[in-house]
1. Consider residue 221 carefully, then state whether it is hydroxyl-bearing (Ser, Thr, Tyr) and more than 7 Å from the ligand (Cβ to nearest atom).
2. Any residue in the range 62-74 that is in contact with a helix residue (DSSP H, G or I) (Cβ under 9 Å, 6 or more places away or on another chain) and not β-branched (Val, Ile, Thr)?
3. Show the residue pairs meeting these rules: Cβ distance below 7 Å; 6+ apart or different chains; first residue within the range 217-233 and of a type in the set (Gly, Ala, Ser); second residue part of a strand (DSSP E or B) and near the ligand (Cβ under 6 Å from one of its atoms).
4. So residue 151 ticks every box in (1) part of a loop (DSSP other than H, G, I, E, B); (2) within 13 Å of the ligand (Cβ to nearest atom); (3) open to solvent by 30 Å² or more (accessible area, probe 1.4 Å) but one. Which box is left unticked?
5. Pairs only if they're at least six apart or on different chains, beta carbon under 7 angstrom, first in the range 195-215 and touching a residue at least 40 places away in the same chain (Cβ under 8 Å) and open to solvent by 10 Å² or more (accessible area, probe 1.4 Å), second among the aliphatic types (A, V, I, L, M) and outside any strand (DSSP E or B); list them, first residue then second.
6. If you go through the range 237-249 one residue at a time, how many are away from the ligand (no atom under 12 Å from the Cβ) and either under 15 Å from residue 79 (Cα atoms) or surrounded by 13 or more Cβ atoms within 10 Å (Cβ to Cβ) (or both)?
7. Among the residues of the range 184-235, count how many are β-branched (Val, Ile, Thr) and within 20 Å of residue 160 (Cβ to Cβ).
8. Show me the strands (runs of 3 or more DSSP E) entirely contained within the range 1-102 in which 3 or more residues are more than 30 Å from residue 246 (Cα to Cα) and in contact (Cβ under 8 Å) with a residue 12 or more places away in the chain.
Amino acid sequence: MHCFYCEAGNVSEDRIVITGSDVNHIKNVLRMRNGEELMICDGTGMEYTCRIAEFPAGEVLLDILKAEKASTELPVRLKLYQGLPKKDKMELIIQKAVELGAVEVIPVMTKRCIVKLEDEKKEAKKLERWQAIAESAAKQSGRGIIPTVSRVLNYKEAVKQAVAEGMALIPYELAEGMKSLKEAAAKAPEQSVISVFIGPEGGFEESEVEFAREQGVVPVSLGKRILRTETAGFTTLSILMYEIECAQE
Ligand code: SAH
């Protein structure tokens, strides 16, 4: 069934109003007619099975047949705190994090970040682009929510925020053995939020990892090879996603 997203404000008790470019898509591209069914996600985690009722000018009106919690969302909120990488790499990282089930990507400024977001205007523009990437990845992968890309945080505020919310992990290439990751993964399904800190290309400074550890973030190894910053995030999210999905069956 075709699936579209709408603003939560467009959903009333038994009806949904579709506006904007989706109207043309439903009417003229898919050539859907009254009585046909489609799925709507409201971006907050609800999923609606609907039937087309009317086509007033510039809108599509839908009757809600069934409302349920989006089945594609993980019960644990995974957050990726990503050290700002060079060039366009953040775009790939956001896209893949969304596919793997993350609800939020938070770009983080660390000591070895080479990129500097020069001013607020540039940052706002980047964030807008990153959010659009998250949105299209959410649609493509059938997410029930549209994950957010938050404003850039400095490292210490990021660590404090993550620790306040729940379990936090910091993959560190100098961490030894797989035991700490294995233990964290086993506990993953019981958490409400898990935050993952990934360093930029140059990695974290030891003092940064030490600060995180003092605050309660768990350093973990991802194996004996050095992974690129993008690979490290995907690997950690994949492992957590696997454990959480398995625990749901
Ligand atoms: N400082 C390193 C590489 C950094 S890789 C160097 O230049 O040699 C970027 C980030 O990926 C690291 O900060 C870390 O968070 C993660 N990472 C890469 N390989 C890892 C591994 N084997 N175990 C845990 N984390 C790893």
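1. no
2. yes
3. Close Cβ pairs (under 7 Å, with a partner that is part of a strand (DSSP E or B) and near the ligand (Cβ under 6 Å from one of its atoms)) amount to 232/171; 232/198; 233/198.
4. Against the list (1) part of a loop (DSSP other than H, G, I, E, B); (2) within 13 Å of the ligand (Cβ to nearest atom); (3) open to solvent by 30 Å² or more (accessible area, probe 1.4 Å), residue 151 comes up short only on (2).
5. So the pair list comes out as 211/159; 215/159; 215/163.
6. 9
7. Of the range 184-235, the ones β-branched (Val, Ile, Thr) are 193-194, 196, 198, 209, 217-218, 220, 226, 229, 231, 235.
Filter once more, so that each one left must be within 20 Å of residue 160 (Cβ to Cβ): 193-194, 196, 198, 209, 217-218, 220.
Looking only at that region, the number is 8.
8. Details: elements: 3-5, 15-18, 37-41, 46-54, 60-69, 77-83.
Passing ranges, in order: 15-18, 46-54, 60-69.
The values are calculated or read from the model by the stated rules, or taken from the named source; none is laboratory data. Bear in mind that the values here come from a model prediction, so they are computed numbers and not experimental data. No Cβ is skipped: glycine too gets one built from the backbone with ideal geometry, and neighbour counts run over all protein chains shown. Surface areas here come from the heavy atoms of the whole protein model, side chains and all, with no ligands, DNA or RNA. Shrake-Rupley method; radii C 1.70, N 1.55, O 1.52, S 1.80 Å.
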